[in-house]
Amino acid sequence: MPLTLFVAKESQAGEPRVAASPDTVKRLVKAGHTVTVEKGAGILSRIPDADFEGAGASIVTAAAGAGKADVVLKVRRPTSPELKKYKKGAAVIAVMDPYDAEKALGEMAKAGLSAFAMELMPRITRAQSMDVLSSQANLAGYQAVIEAAAAYDRAMPMMMTAAGTVPAAKVFVMGAGVAGLQAIATARRLGAVVTATDVRPAAKEQVASLGGKFIAVEDEEFKAAETAGGYAKEMSKEYQAKQAELVAEHIAKQDIVITTALIPGRPAPKLVSKKMLDAMKPGSVLVDLAVERGGNVEGAKANETVTTRNDVKVIGIANMPGQVAASASLLYAKNVLAFLETLVDGESGALNINRDDELVAATLLTHDGALVHPRFGGEAPAAADKGEKADG
Ligand code: NAD
């Protein structure tokens, strides 16, 4: 039985993205599924209802569409009133932000939903097309530089004119993961002189390949700082002190600082102190991409630009991919479609949630009325099966 899908309009203020695009709807309809889209769901991503209709979807109200759907596609975790409308047993695919969210996870379990957290997708080759952290962080890194350039009251590139020379801006990128690397590339395209830092040694070569200069405390701890999954570890107090000393000296000479440092499941590391901000030149701009997770910059506030006493601007846009929603939604929609296709039985078109599949095991939070993800208090899936296999 092919599926009925519901593409919800996001209810959270400041969330302009949508989880489907005309392109993904067309592919779902072609595969025999019924796609319903909540009225106005794509407006803020520049996708009019008529474009979804043209791709084969029907436009519905939440009251009419949510309860009939086998699969709900969203950007953000559903709120309590939203999930009460969903059918028991429906799959919900979204960025679930499951850390410290026991109540919300409990509600989704109780509602009998199979809730999938896109951001927990393993970073393996097979799942590259489903990697929302990458697709969204890439745009966030780009947009952070655009925001910084707009707030910076000087030109970015060096300009040699008959009236004199404008020096190139000095941009420092802290955290050279997906967002940081795109920030480096974007700042370079705009002609800035770019330096970058990270705690993972693998970042060194990547920064250099984009024309940035890598600066970091490269001690023994640094050499072992990357986890098997490619993520950073939380660094020791000693390392943090050495890093702070290096940053303090460097940052005072910078015009623009983009911070992107994150550690999965932990608060963002504090990398720029008030004292460091005090040492910066008036007119300098910082963009803190980690602001939603506590921020890398002391005093950064979500969705505010804080101006310090010495006239340094700290920009804290929480939903940076949302600033480029029309691009971000297209990529997010593709990520979701690629994952959904792995959950659908090729023959019957029905939903087939195979908990032995590593993509499902990594992302499934709640299922059959229970919390199932071991990292968030659920029981390890199929522990008994694994034992049997090991024995056999
Ligand atoms: P992230 O968003 O978790 O963190 C951003 C960056 O901050 C990381 O590079 C991290 O090392 C850095 N950081 C953390 N603590 C820091 C500190 N105290 N000081 C300075 N920097 C700090 O990371 P991400 O962007 O998701 O990327 C993580 C890794 O995964 C990277 O190696 C990336 O290339 C890799 N990756 C792999 C795949 C894949 O194989 N499919 C896809 C995407 C990313």
Next on the checklist: Quick check on segment 193-205: of everything there that is within 22 Å of Ala290 (Cα to Cα) and assigned to a strand (DSSP E or B), which residue is nearest to the ligand (Cβ to nearest atom)?
Outcome noted: Thr197
Next on the checklist: Looking only at strands (runs of 3 or more DSSP E) that lie completely in segment 1-110, which have at least 3 residues being out of contact with any Ser or Thr (no Cβ under 9 Å at 6 or more places or on another chain) and under 22 Å from Asn303 (Cβ atoms)?
Outcome noted: none
Checklist entry - How many residues, within segment 211-234, are closer than 23 Å to Glu119 by Cβ and not charged (D, E, K, R)? => result 7
Checklist outcome for this item: Filtering segment 116-156 down to residues that are basic (Lys, Arg) and more than 17 Å from the chain's Cα centre (by Cα) yields Arg126, Arg154
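Rundown of residues vs (1) closer than 22 Å to Leu28 by Cα; (2) at pLDDT 95 or above; (3) touching a helix residue (DSSP H, G or I) at 6+ places or on another chain (Cβ under 7 Å), yes/no style:
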| position | (1), (2), (3) |
| --- | --- |
| Ile59 | yes, yes, yes |
| Gly67 | yes, yes, no |
| Ala111 | no, yes, yes |
| Leu120 | no, yes, yes |
| Ala127 | yes, yes, yes |
Checklist entry - Which condition number does Ala127 fail, the rest of (1) within 16 Å of the ligand (Cβ to nearest atom); (2) assigned to a loop (DSSP other than H, G, I, E, B); (3) out of contact with any Gly (no Cβ under 9 Å at 6 or more places or on another chain) being met? => result (2)
Checklist entry - Which of the residues that make up segment 111-124 are outside any strand (DSSP E or B) and buried (at least 20 other Cβ atoms within 10 Å of the Cβ)? => result Ala111, Leu113, Met118, Leu120, Met121
Checklist entry - In the list Ala183, Ala208, Ala187, Ala179, which residue meets the criterion of being part of a helix (DSSP H, G or I), among the small types (Gly, Ala, Ser) and free of Cβ contacts under 8 Å to residues at least 24 places away in the same chain? => result Ala208
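Residues in segment 109-133 that are touching a residue at least 12 places away in the same chain (Cβ under 8 Å), among the hydroxyl-bearing types (Ser, Thr, Tyr) and more than 14 Å from Val360 (Cα to Cα): how many?
Qualifying residue count for the region: 1.
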Checklist outcome for this item: Over segment 219-230, the set of residues within 13 Å of the ligand (Cβ to nearest atom), in contact (Cβ under 8 Å) with a residue 12 or more places away in the chain and farther than 10 Å from Val199 by Cβ is Gly229, Gly230
Checklist entry - In segment 240-280, how many are more than 27 Å from the chain's Cα centre (by Cα), within 13 Å of the ligand (Cβ to nearest atom) and not small (Gly, Ala, Ser)? => result 3
Next on the checklist: Among the residues of segment 94-107, are any buried (at least 22 other Cβ atoms within 10 Å of the Cβ), within 19 Å of Asn352 (Cα to Cα) and more than 16 Å from the ligand (Cβ to nearest atom)?
Outcome noted: yes
Next on the checklist: Out of everything in segment 137-192 that is within 16 Å of the ligand (Cβ to nearest atom) and β-branched (Val, Ile, Thr), what residue ends up being surrounded by the fewest Cβ atoms within 10 Å (Cβ to Cβ)?
Outcome noted: Val178
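Listed here are the residues, each with its yes/no results for (1) among the hydrophobic types (A, V, I, L, M, F, W, C); (2) touching a His at 6+ places or on another chain (Cβ under 6 Å); (3) in a loop (DSSP other than H, G, I, E, B).
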| residue | (1), (2), (3) |
| --- | --- |
| Gly322 | no, no, no |
| Ser327 | no, no, no |
| Ala333 | yes, no, no |
| Leu337 | yes, no, no |
| Leu340 | yes, no, no |
| Asn354 | no, no, yes |
| Leu359 | yes, no, no |
| Thr366 | no, no, no |
| Glu379 | no, no, yes |
Checklist entry - So Asp51 fits all but one of (1) surrounded by 18 or more Cβ atoms within 10 Å (Cβ to Cβ); (2) under 24 Å from Ser129 (Cβ atoms); what number is the exception? => result (1)
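The values are calculated or read from the model by the stated rules, or taken from the named source; none is laboratory data. All figures in this text were calculated on a predicted structure; none of them were measured in a lab. Here the Cβ is made from the backbone with ideal geometry for all residues, glycine too, and neighbour counts use every protein chain on show.
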